[in-house]
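Read-outs throughout are calculated quantities, based only on the coordinates presented, and are distinct from any laboratory measurement. Quantities reported herein were computed from a predicted structural model and do not represent experimental measurements. Cβ sites come from the backbone with ideal geometry, for glycine too, and all protein chains shown count toward neighbours.
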């Protein structure tokens, strides 16, 4: 895998640089580096890997290169439920907004599948249902923001922009079970995904229960994306950009693409975090702004090149 070594080097360099960037610069005490900087780096690694693998799985299962972890309504469900907790959960810790975001993301995925009905196995129908859930969720979130007092409104908006700030390791440890559950479900089935990518009839002729496997893969993608969104907020474009670039470099074999996507997602989010702390130092930009600035032009490139029609 020719992309493996460059990704490992980039990740190691990003982690090292992340330890040096921030208030007090490279002169920060070791306690600050360990409890504040490395903890957010661990969070970036887990969230980036989760979102990128979820994107690779959805692009395969839905047979659409523009599918993202938010295709299933994940973003809208997470934002709405986390917004409710932020608005009405006075005195609750950030853990509850994380948990609410995850629960909302998974609930939105279930609603998307329900709207698709018996045609949920049709990728186009599922994408349209997800778009509908996203629009409805975004509308309800706007209504929630409208009635929110200024202090709560800023919290909701800040969460929706993405946030990697982690004082200690509670947020990385919160996300870890979701990441492990998703990866341990998806990675051993990379060969099955290859067969499904070649065609459902061919896969079924080889003994693959495509309906069951599709449901399992969609659930795993929802767990990966839902956990990541609950932990860091709706961070866009990671699940779109990373699998697409690595597919060009390493080919479409899911046995290579999935682990490389996990590594590539970690690289993208770690370096985006470094940029977020450098651009407006000593402050920081929300991580969602950085990924949007990086991923938005690439998305437009895909549309302009006609690759989004595949």
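What angle, in degrees between 0 and 90 and rounded to the nearest 10, separates the Cα long axis of helix 238-250 from the longest principal axis of the Cα atoms of the chain?
60 degrees
What Kirkwood Rh does segment 147-279 have if only Cα atoms enter the pairwise 1/r average? Answer in Å.
Details: mean 1/r = 0.0593 Å⁻¹.
Evaluated over segment 147-279, this radius sits at 16.9 Å.
Rank 235, 133, 280 by mean-square fluctuation in a GNM of the chain with C-alpha springs under 10 angstrom and give only the top-ranked residue.
Looking only at 235, 133, 280, the biggest GNM fluctuation is shown by 280.
Please check: in the Gaussian network model of the chain (C-alpha springs, under 10 Å), which one of 210, 179, 68 has the largest mean-square fluctuation.
210
Taking springs between alpha-carbon atoms closer than 10 angstrom, which of 201, 213, 145 fluctuates most in the Gaussian network model of the chain?
201
With all pairs of different alpha carbon atoms counted, what Kirkwood hydrodynamic radius in Å does segment 208-310 show? Each step should come with its number before you reach the end.
Values: mean 1/r = 0.0653 Å⁻¹.
It is 15.3 Å.
Helix-only estimate, please: 222 nm mean residue ellipticity of the chain, summing -39500 (n - 2.57) across DSSP H runs of length 4 or more and dividing by its residues, to the nearest 500.
Values: 13 runs with 227 residues, N = 310.
Theoretical 222 nm ellipticity from helices: -24500 deg cm²/dmol.
Helix 170-186: angle to the longest alpha-carbon principal axis of the chain, degrees 0 to 90, nearest 10?
The answer is roughly 10 degrees.
Residue 300 versus residue 155, label points 7 Å from Cα toward the beta carbon: distance in nm?
For the pair residue 300/residue 155, the computed spacing is 3.6 nm.
Order by neighbour count: 273, 163, fewest other Cβ atoms within 10 Å first, most last.
The order, fewest Cβ neighbours first, is 163, 273.
Using Cα atoms only, what is the angle between the long axis of helix 38-61 and the major principal axis of the chain, expressed in degrees (0 to 90) to the nearest 10?
Roughly 20 degrees, rounded to the nearest 10.
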